[in-house]
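Asks: Once you've had a glance at the structure underneath, I'll fire off some questions.
The values are calculated or read from the model by the stated rules, or taken from the named source; none is laboratory data. What you see is a predicted model; the values in this text were computed from it and never measured. Every residue, glycine as well, gets a Cβ built from its backbone with ideal geometry; the counts of neighbours run over all protein chains shown.
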Amino acid sequence: MFVVVSVSKVLAIVLAVCLGLMSLTGQAAPPLQVAVDTDNPPFMYGRQGHAKGLYPDIVQNIFARTGTKVLIVPLPWPRALASVNAGKMGIAGIYKTSSRMKVMDFSDPLFVERIWVYSLSKSPHRFRNMSDLSGLRVGVIRGWSYGDEFDAARKQKAFTISEIDSDELGMSMLRASRIDVMLSIQQSAQLVLGGSQDIIASSKPLAEFPTYVAFPKSLKMTYLLARFNKALADAKQDGSYSAIAAHAMAEAR
């Protein structure tokens, strides 16, 4: 048996299908979300609700090279880590530790941060190895890991930890003798201290940590990270990485 369908009905069906496909393809995918710290200048910080600093600028530019839309979300660091651990988004400016490697996939390094031990110049604390912190009151940024060796000593309570929200507050506590030493990235400390001489850095850094972009393994971002790594290498080779870094550092001053 044959069914006769008018040309007008056929055209109407085709048009409906085409419009349906257009509506589906016309819906833009939501941007990829990447969290950064709100209070770690010049590397990452929030300003009027927007993410600023070296890591947001690098991540935005490198992902743009891959054709990936990304939304940089400034959050207090503990909340940023919680969002990643919950599988909601990625994170930038994070250190790689053995525990994090079990649950996150990491990019190639964005930058290498050097953590120094700061103390009062009138009563300096020499730092050569982790045992030199024994018995001291040590200021750290809330939610941060300072590497497996430091975290192990911290767990063993080799020293007393004061968790602090910012480098600026940490230096103020140091001046008030509420802590004995403050751990800080060199560039961050320089922004806070300016040219003051009452606080000095150790002659040797506590540690050197590459920083990364990371995503929870549940989001299955290894392919995207491979594309990010290629674009990052290209940016370092063609000079645009250096230009981005110089602009971000200058803007934070």
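Asks: Checking the structure you have, find out if any residue of region 165-172 is modelled with pLDDT of 95 or more and in contact with a Lys or Arg (Cβ under 7 Å, 6 or more places away or on another chain).
Replies: no
Asks: Let me ask something else about it. Mind checking which residues of region 74-124 are surrounded by 15 or more Cβ atoms within 10 Å (Cβ to Cβ), among the hydroxyl-bearing types (Ser, Thr, Tyr) and in the same structural domain as ALA214 (by TED's automatic domain parsing)?
Replies: Within region 74-124, SER83, TYR95, THR97, SER107 meet the criteria.
Asks: Looking for whichever is at pLDDT 95 or above and either under 30 Å from ALA29 (Cβ atoms) or of a type in the set (S, T, N, Q) (or both) here; the options are GLY93, GLY139. Which one fits? Spell out the reasoning first.
Replies: Working: GLY139 fails: either under 30 Å from ALA29 (Cβ atoms) or of a type in the set (S, T, N, Q) (or both).
Exactly one residue qualifies, and that residue is GLY93.
Asks: Are any residues in region 174-225 among the small types (Gly, Ala, Ser), within 23 Å of VAL138 (Cβ to Cβ) and in contact (Cβ under 8 Å) with a residue 40 or more places away in the chain, and if so, which ones?
Replies: SER177, SER184, SER188, ALA189, ALA201, SER202, SER203, ALA207
Asks: Filter region 101-126 down to the residues that are over 27 Å from the mean Cα position of the chain (by Cα) and more than 17 Å from MET171 (Cβ to Cβ) and list them by number.
Replies: Result: ARG126, single match.
Asks: Can you give me the number of residues within region 145-172 that are hydrophobic (A, V, I, L, M, F, W, C) and within 22 Å of ILE200 (Cα to Cα)?
Replies: Of the residues in region 145-172, 6 are hydrophobic (A, V, I, L, M, F, W, C) and within 22 Å of ILE200 (Cα to Cα).
Asks: With the checklist (1) assigned to a helix (DSSP H, G or I); (2) closer than 17 Å to LEU219 by Cα in hand, flag the one item THR68 doesn't pass.
Replies: (1)
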